[in-house]
Structure formats: C-alpha cells, structure tokens
Amino acid sequence: MEEKTFRFSRMHADFQTRDAQSVFGWRFTPRIIFKAGKGTKLVDVDGNEYYDLTSGMMCMILGHSHPELTEVMRDMAGQVVHMSSWYSNPWIVEFAELLGSTLPGNLKVVNFAVTGSEANEVAMRMALAATGKYDIVSMIRGLHGGSLAVEALTTVGGNRRKSLGPLMFPAKSNAILPPFCYRCPVNRTYPGCDIACLEQSEEMLEFVTSQNIAAILQETIPVSGGMIVPPAEWLPRLAQMAKRWGALLILDEAQLAPARTGRMWGLEHYGVTPDIVTFGKGLSAGLAVCGTITTPEIAEKVRGDAGLPWAGTYSGDPFTAAVALKQLEIVIRDNLAERAQRLGELAIRELDVLKAKYPVIGDIRGKGLYRMLDIVKDPQSRTPDPLMAERIRYNALLEGVATIAVKHYVRFCPPLIVTESEIKDIVGRLEIAVKRAMDGFPKDVDFRRSGSLAVGNRPVDEEVETTA
C-alpha cells in the first residue's frame, strides 16, 4: 500500500513548535493544531477535516458548534457568566431538577463541581460522613480522576501515579477484581464461572482492607481499563456485597451518561440504583460542569460534615449550567439514547467485519455508540500490542479520523448526531488505517509520550510486551 505523509503549512508547523515549547501537556504525534469544529468533524489550521471519533474528550454528545447550544452561549455571554457559588441561579436549579428526573430511585440532590475528579471526591466525602467509616474500595483497572485522592483509587497504570505515593491518602483499597471476561483475572470462563471474580473480590475485602468500608467506588462500565462491559449479574451482586459490608455504592458515570450506551445512564442496563452517582464529560457539553447526585436523606445526614456541601469558585456557574441544561433537554427531546442504541448496532456490525478480516483486532467491546478495539499480537494469545494500536491511530489520522489510542485500546466514540453513512465512512477509513499499520507504517513509534496512561517507561521495540 502506498505510504502517505502529513504535509503541514509553515503556520501549522510554527504553532506545533510553539505548543511544544510553551504548553506542558500530553500530545499525540503528529502535534496537529485544530482551529474549529462542526458537527462530527474537527478542522485543523490548514483547513483539513477529521472525524472526531472521541467526541472531544467524550464530552461533545451533540458534536461541535451545535446551533442551539451556540445560541444559548451567545445569550448567556451577554447576560451573566459567573457568580459566587454561595448564591444560586435559575439554570443550575433547573439542570439539577432535570438530572434528578432521569435517574431511578430517589437520586435527586446534586452537589455541583467543576471536574469529574472533584465530583468523585465529593462522593467520597459523602460516604465518609454518612457511614462514619473510612476505607474507600475501588476496582483494579478503574479510573476516577487525577486529583490526589481519586488518583489513589485509580489503577489503570502508566505514569499516572509515578512518584506520588507519599501524597496519596492511605485509607483506600484497590480490591475489586475486574469482570474482564476477555482476559479473566481468575482464569475462568463466563457464564460457567458464576462470576468467580466477584467471589474472590469479597475475599480480598477481608484481607486487604481494614474492614471499615465506607464505600465501593466503581465505574458502571470501566472504560480506560479496557471498556470492560460487566456480565448482567455482576453489578447487582456488587451492590449486594456493598450492603453486606455496610458500605455505600458509588457509581462513576462520567464516561457514559447521557445516552451514549443506549440508555440515559449506563446503570440502567443493570437495574441497579446506587447510593451516589457521579457525572461529567457527556453531561457537561464540553464545559466545566460536573457533579455528584445522591438522595435527600444522605444529603441531609452529611450536611456540615466532611466539608459538605462542597463548592469551588466555579461550581454551579450560570453560563455552564445553562448550556448543559439545554444539551440535556435536546438529548431527551430527540431520544438520543434510542439513536445511540440503533446506530451502535450498525457500528458493531461494521466493526465486526474488520475484526473477522484483521487478526490484530482481538476484540470489540462496549455498548451503544461507545466501543473500543482491543489490539493484539494474535487472537489466540490475546497479547496486547500497543505499538500496533498507535500505528492504527496514526494512520487513522492520515485518513481523516481523529481518535485516541491508549495502550492497546483504540476508541470508537463519535458524537450521537453521527449518521449511518458517516459510521460506514469512518469504518472504511479505519480499515485503510489497519492495513497500513499491519504493513509496518510508520516505522518509528513511541507511544510512551502520548499520555499519562501510556505504558510506563518500557523499551520501545517490536518485541515489547505489556500487561493486559
């Protein structure tokens, strides 16, 4: 196959150099500078278009420059943008009410935050205050944010926690084994295993915690750890386990809500109502509005304890609340959960064709319009191949598809406004990317500098092996 290369204008190359010199951040190679977005696509400073296959950072449910959201932004910019979080505004009240109306049970009270990390730390504060206990238990392969307390509960590897040990809080335990059927942590096979990973997890609770468990914090579907879609029985049994230990169940939905999995909330797939749920990303419309939702009973019990209710400088700002409110109204009005379910079925059919043709695609997991390709050296050993994943990502960019490759996982997460023809076009471009990657292009690959989740500091060569 003929090799392609990137050709950047002098202006583009200048911005790339200045970005490298002045901005301290993770960057994929090549260091493309984007200037605009419209619908499902991004536009770089040279005018080239790319499908946005990760919806920003999984935030742009309605794509870029949605006209109704743009109108709200214009109106709010001329009306009010920010105010003290000790006062309220109509938009934050209405957003909280609408969020509560979409959730099961009595999850009605929202403590707003700015980031998903903050939202999860607020949930942890609630658990400590509500139970009087202090161990927070999380799942191995989970990711809950980047601030120090939630970083202590994050176990996806890479450089995220390197040298941070003395700063991270000690009263935590990563004790839940992941329900990762593709690479079972206890070497069993579903469904005959009877969810043995959870049985062993409960044994771990006895031996690696203080048995003073305030909460189990869990992503409904762990994404960064491998798009691990739990078996139907797993989450209900985890909820029962939390009750046996007198612990609250906190479900982290930052990557999933709203509508992306084919349900408004990912937890709806499992019929589980947690004590606390956290949100971010997709419900934020790309702005800094995230939060923690619990019941009125828990909210009143914890009031005045553990720094609750928590508020920062920007939590509950009217500008962000108004835009997020409008987005959620559109998601509900246009029934985007049903759309994600329907188009997700099309996407998996198209992607399964690639999986059957190219052995480097070991598995495809996910729900709705949130899928992930597990890239392997061969389908029999299922040995992860992060080099191949990075090659696929690079070549996809050459074909006008911007996605994320973390370790050996390639994400497929388009905005929910994507069309059937666009899905087929994207998959067709991905096929070209896979073919070129299998031909060994590009030759020089270093995925270690692409993000904090990259595979540590291992030597980069064709024989590199990583943990699953």
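When Rg is the radius of gyration of the Cα atoms in segment 1-150 and Rh is its Kirkwood radius, what does Rg/Rh come to? Write out the running numbers ahead of the final one.
On the way: Rg = 21.0 Å, Rh = 20.0 Å.
Rg divided by Rh gives 1.05.
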Here the percent of antiparallel bridges among DSSP beta bridges lying wholly in segment 202-330, to the nearest 5, is 35 percent
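Take the alpha carbon atoms of segment 71-333, find their radius of gyration, then divide it by 2.2 N^0.38 Å using N residues; give the quotient. If you can, show how the numbers build up before the last one.
On the way: Rg = 18.3 Å, N = 263, 2.2 N^0.38 = 18.3 Å.
Its radius of gyration relative to the 2.2 N^0.38 Å reference: 1.00.
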Computed, not fitted: 222 nm per-residue ellipticity of the chain from DSSP H runs ≥ 4 (each -39500 (n - 2.57)), nearest 500, equal to -11000 deg cm²/dmol
Residues 251, 198 in order from fewest to most other beta-carbon atoms within 10 Å are 198, 251
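What does DSSP give for the chain in terms of the percent of beta bridges that are antiparallel, rounded to the nearest 5? Before the final figure, lay out each step's value.
Details: 30 of 48 bridges.
Within the chain, antiparallel bridges account for around 60 percent of the total.
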Diffusion coefficient in µm²/s returned for segment 352-440 by Stokes-Einstein, Kirkwood Rh over C-alpha pairs, 4 °C and 1.567 mPa s, is 100 µm²/s
If each part is reduced to its alpha-carbon centroid, segment 213-273 and segment 36-62 end up apart, in Å, by 29 Å
For percent of Cα pairs over 42 Å apart, with candidates [x] 13; [y] 17; [z] 33, the value calculated from the shown model is option [x]
Of the DSSP H helices in the chain, the ones reaching 24 Å or more along their long axis in Cα terms and averaging at least -1.0 in Kyte-Doolittle hydropathy are 336-357, 420-438
For 314-321, 396-403, ranked highest to lowest by mean beta-carbon neighbours within 10 Å, the order is 314-321, 396-403
Ranked on Cβ counts within 10 Å of their own Cβ, fewest leading, 444, 135 go 444, 135
Within segment 71-333, the percent of DSSP beta bridges that are antiparallel, given to the nearest 5, stands at 35 percent
Going from the fewest other Cβ atoms within 10 Å to the most, one would list 143, 128 as 128, 143
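Where a number appears in this text, it was derived from the coordinates with a stated rule and is not lab data. Everything numeric in this text was worked out from a predicted model, so none of it was measured. Cβ atoms come from the backbone with ideal geometry, glycine included; neighbour counts cover every protein chain shown.
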